[in-house]
1. Could you give me the ³J(HN,Hα) list for region 471-479, computed from phi with Karplus coefficients 6.51, -1.76, 1.60 and θ = phi - 60°, whole Hz, x at Gly and Pro?
2. Take the residue pairs Lys237/Lys300; Lys237/Lys425; Lys254/Lys425 and return only those whose Cα atoms are more than 21 Å apart.
3. Using a 1.4 Å probe on the protein heavy atoms, what percent of the accessible area of region 152-220 belongs to carbon and sulfur?
4. For region 266-313, state which trypsin sites (Lys or Arg not before Pro) are in a DSSP loop and have at most 15 other beta carbons lying within 10 Å of their beta carbon.
5. With respect to the cross-link table entries Lys301/Lys385; Lys301/Lys363; Lys111/Lys475, which display a Cα-Cα separation exceeding 21 Å?
6. Sequence-distant or interchain residues sharing an amide H contact under 5 Å with Ile112, placed H: which?
7. Could you check the simple spin-label distance between Asp360 and Leu429, using points 7 Å along Cα→Cβ, in nm with one decimal?
8. Between the DSSP loop rule and a limit of at most 16 other Cβ atoms within 10 Å, which trypsin sites (Lys or Arg not before Pro) in region 120-194 are left?
Amino acid sequence: MATLLRSKLSNVATSVSNKSQAKMSGMFARMGFQAATDEEAVGFAHCDDLDMEHRQGLQMDILKSEGGEEGAEPPLEGDIHYQRDGTGPLPPSASKEAGVCSELSGQGKPKITAWEAGWNVTNAIQGMFVLGLPYAILHGGYLGLFLIIFAAVVCCYTGKILIACLYEENEDGEIVRVRDSYVDIANACCAPRFPTLGGRVVNVAQIIELVMTCILYVVVSGNLMYNSFPNLPVSQKSWSIIATAVLLPCAFLKNLKAVSKFSLLCTLAHFVINILVIAYCLSRARDWAWDKVKFYIDVKKFPISIGIIVFSYTSQIFLPSLEGNMQNPKEFHCMMNWTHIAACILKGLFALVAYLTWADETKEVITDNLPSTIRAVVNIFLVAKALLSYPLPFFAAVEVLERSLFQDGNRAFFPNCYGGDGRLKSWGLTLRCALVVFTLLMAIYVPHFALLMGLTGSLTGAGLCFLLPSLFHLKLLWRKLLWHHVFFDVAIFVIGGICSVSGFIHSLEGLIEAFRTNAED
């Protein structure tokens with residue numbers, strides 16, 4: 001009896017496997033992968049350890065669900081891992097890494113409208129780093145205003161072509177989504193010779209940008225508090241240490257549910273602060289120094305301004321996930337248009353009005369120019385926003401580091417930082433605390449908001465917003481591109497590369513000089 005039962009189970013398993021492979025090959029063919037042979041299907045499956053674990057667990061689930069029914073037709077969901085819409089439940093054998101990826105990709109979550117997607121993009125490109133734009137006008141004049149408009153146009157365009165790289169045309173002439181993230185696009189461009197190189201480059205750039213964003217929050221918190229209470233015997237470094245002490249509990253974060261409740265309030269508060277600054281500037285409209293805005297640039301400091309402007313528009317890193325979670329992805333282009341047009345108008349007006357009010361006395365953080373009575377109130381709100389915004393990039397950086405270094409299956413560089421019960425190990429918590437302390441040390445030794453912002457914008461901002469999208473677009477879709485698309489991509493790549501290198505060199509020189517000055521003091 002036992003032998004007969006094992007024989008039946010073996011026949012069922014073979015039947016399920018053959019049908020699953022046939023469906024899988026057909027699905028890959030429809031998506032453009034051309035996986036027509038068994039060797040190709042097996043080779044594709046071996047590229048991903050998590051995928052193999054998922055298929056094994058799924059096959060066992062099918063056997064359990066069929067019980068003793070011989071020759072029963074397996075459900076279509078049997079190949080659910082290869083369905084791009086992500087419908088159907090995950091199997092019990094799905095690993096923790098697969099769960100993390102599902103959370104990040106938004107599978108199983110409610111779809112968002114175009115307005116909600118636009119709100120997310122607006123939060124990214126209309127953050128508190130807008131406070132550094134008047135300082136960019138100080139060193140660039142009207143050319144700085146032009147760059148604010150130019151950066152908006154280019155970032156809007158590169159965001160669209162980045163999303164275009166997620167899609168390919170299948171054999172039936174239909175456009176289907178075959179990739180899910182920025183990393184997938186990068187890996188596709190480097191395949192087959194270096195199938196993971198592109199993803200690692202994007203991950204490194206993302207980590208640098210997220211960590212630098214955390215450093216900027218600490219720098220701006222110390223700067224704002226020091227200038228709000230100049231009579232107190234507390235230095236800017238001491239204020240930064242106090243701010244970091246408040247932020248240290250971020251190392252214990254397991255999710256962002258508690259923090260996300262304040263995100264909307266912080267964003268609204270920031271808009272109110274911008275309105276207050278503009279209202280004060282308008283009250284001094286009679287004293288505006290129009291003659292100070294000229295068609296000249298400070299050759300040494302203007303490249304830093306380029307990085308500041310570019311950094312204020314960075315949003316490309318999460319656009320693939322955002323577009324994939326929209327109810328109607330066809331509205332993505334329209335959403336990108338109105339969000340970047342609105343950002344361009346608001347940023348240009350804010351930077352120009354603020355510069356006209358204080359002219360050559362414009363400081364790195366524009367709120368430092370406000371009268372002491374208004375400055376303290378405004379800066380306290382900004383510090384609160386900075387401290388509540390810090391956990392977002394910090395948690396994202398920690399997740400990327402943990403996933404790539406500690407949880408990447410057999411390819412992890414270090415042991416898993418989580419125990420069998422899902423709790424974070426003590427040494428993993430120590431590494432998180434070390435990351436918080438690292439942001440403090442950088443803020444103490446290089447407390448220059450504009451220089452750090454310019455360096456980050458020139459290094460990772462220009463790379464993620466200008467260089468990589470245009471390069472990926474040319475690599476993946478060059479056969480279908482019109483001549484003007486090719487021209488735009490090449491021009492953006494060349495101009496972005498020049499601006500990136502120039503801004504990075506000047507920002508780095510300024511940081512080295514500032515570091516030496518602080519070391520001597």
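The values are calculated or read from the model by the stated rules, or taken from the named source; none is laboratory data. Treat the numbers as computed from the prediction; the structure is a model and nothing was measured. Cβ placement follows ideal geometry from the backbone for every residue including glycine, while neighbour counts extend to all protein chains displayed. For accessibility, only protein heavy atoms count, side chains too; no ligands or nucleic acids. Shrake-Rupley method; radii C 1.70, N 1.55, O 1.52, S 1.80 Å.
1. Each residue's phi maps through the Karplus curve to give 5, 5, 4, 5, 6, 8, 10, 5, 5 Hz.
2. Details: Lys237/Lys300 27 Å; Lys237/Lys425 32 Å; Lys254/Lys425 13 Å.
Over 21 Å apart, Cα to Cα: Lys237/Lys300; Lys237/Lys425.
3. Working: 1640 of 2720 Å².
For region 152-220, the apolar C and S fraction of the accessible surface comes to 60 percent.
4. Answer in residue order: Arg284, Lys294, Lys300.
5. Details: Lys301/Lys385 28 Å; Lys301/Lys363 14 Å; Lys111/Lys475 31 Å.
In this structure, Lys301/Lys385; Lys111/Lys475 lie more than 21 Å apart at Cα.
6. Sorted by chain and number, the residues that satisfy this are Met326, Gln327.
7. Taking the simple label geometry, Asp360 and Leu429 are separated by 5.6 nm.
8. Details: sites: Lys160, Arg177, Arg179, Arg193; in loops: Arg179, Arg193.
Qualifying residues, ordered by number: Arg193.
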